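The values are calculated or read from the model by the stated rules, or taken from the named source; none is laboratory data. Every value quoted in this text rests on a predicted model; they were computed, and no experiment measured them. Cβ: placed from backbone, ideal geometry, glycine included. Neighbour counts: every protein chain shown. We work out accessible area using only protein heavy atoms, side chains counted, and drop any ligands, DNA or RNA first. Shrake-Rupley method; radii C 1.70, N 1.55, O 1.52, S 1.80 Å.
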Amino acid sequence: LGVFLSLVAAANLVLHQTVERIHVGKKYGDIPRGIFVVRGENVVLLGEIDLEKESDTPLQQVSIEEILEEQRVEQQAKQESEKLKVQALKERGLSVPRADTLDEY
């Protein structure tokens, strides 16, 4: 069993009819992506969606265009909030390093 698990962790996955689901608040949109290849070392968890339970969800499905616009607005609001936070810290003599300048190690 241990050998089987280690082999599965190193195996690549080829998925077909894939869908990217974007959630914003209580809304979601599905974007068809087609064939998707995932390298084995990037696989953490793989599962199957229970279609019966999915129909009981309180989420509202919207068009791709609508969910992408809602996602853009949400990301813009987060960026504005982060700018205000950084500005407030700067006014108090504190600084927050930018994420793109942090050392990965």
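Heavy-atom accessible area with a 1.4 Å probe sorts Val73, Val62, largest first, into Val73, Val62.
Over 26 Å apart at the Cα level, from the set Lys26/Lys78; Lys53/Lys78; Lys27/Lys78, are Lys53/Lys78.
I'd like the FRET efficiency for Asn42 and Arg72, computed as 1/(1 + (r/R0)^6) with the beta carbon distance as r and R0 of 25 Å, rounded to 0.05. The calculated FRET efficiency here is 0.40. Compared with the alpha-carbon gap, the fully stretched path from Thr18 to Ser95 is longer by 23.5 nm at 0.36 nm per residue.
Every Cα-Cα pair in the stretch 25-85 was counted, and those over 18 Å apart are 61% of them. Within the shell of other residues whose beta carbon sits under 14 angstrom from the beta carbon of Arg72, the net charge comes to -4, with Lys and Arg scored +1 and Asp and Glu -1. At the residue level, Ile35 shows approximately 130 square angstrom of accessible surface with a 1.4 angstrom probe and all protein chains present.
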